[in-house]
């Protein structure tokens, strides 16, 4: 795991999960990683009428505030998977 300097206090994984579930109400969110690099899987019925790019934009929009600035807690999303429940 790499080191990423940030002024963020608390659990970044929890902050990512909370930001996504606030924006996408029925989302089931799995976040792994650390050191500024994260992998995210989001399952939601809200993706049912959207293509992959539209679904990913929803997720990135939800966490954009965690990616802004030089000391942002999220430096990169290494993997983002969005899908509807099976």
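Summary table
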| quantity | calculated |
| --- | --- |
| Exclusive hit being loosely packed, with under 14 Cβ neighbours inside 10 Å and not in a loop (DSSP other than H, G, I, E, B), set 46, 9, 30 | 30 |
| Residue check for residue 2: in contact with a strand residue (DSSP E or B) (Cβ under 8 Å, 6 or more places away or on another chain), within 16 Å of residue 76 (Cα to Cα) and at pLDDT below 95 | yes |
| Filter pass, residue 80 being modelled with pLDDT of 95 or more, in contact with a helix residue (DSSP H, G or I) (Cβ under 6 Å, 6 or more places away or on another chain) and surrounded by 16 or more Cβ atoms within 10 Å (Cβ to Cβ) | yes |
| Qualifying position, being touching a helix residue (DSSP H, G or I) at 6+ places or on another chain (Cβ under 6 Å) and in a helix (DSSP H, G or I), among 64, 19 | 19 |
| Any chance residue 40 is in contact with a strand residue (DSSP E or B) (Cβ under 8 Å, 6 or more places away or on another chain), in a strand (DSSP E or B), at pLDDT 95 or above and within 23 Å of residue 86 (Cα to Cα) | yes |
| Filter result (over 29 Å from residue 71 (Cβ atoms) and out of contact with any helix residue (DSSP H, G or I) (no Cβ under 9 Å at 6 or more places or on another chain)) within the stretch 22-52 | 43, 45, 48, 49, 51, 52 |
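The values are calculated or read from the model by the stated rules, or taken from the named source; none is laboratory data. Bear in mind the structure is a predicted one, so any value in this text is a computation, not a measurement. As a convention, Cβ positions derive from the backbone with ideal geometry for all residues, glycine included, and neighbour counts pool all protein chains shown.
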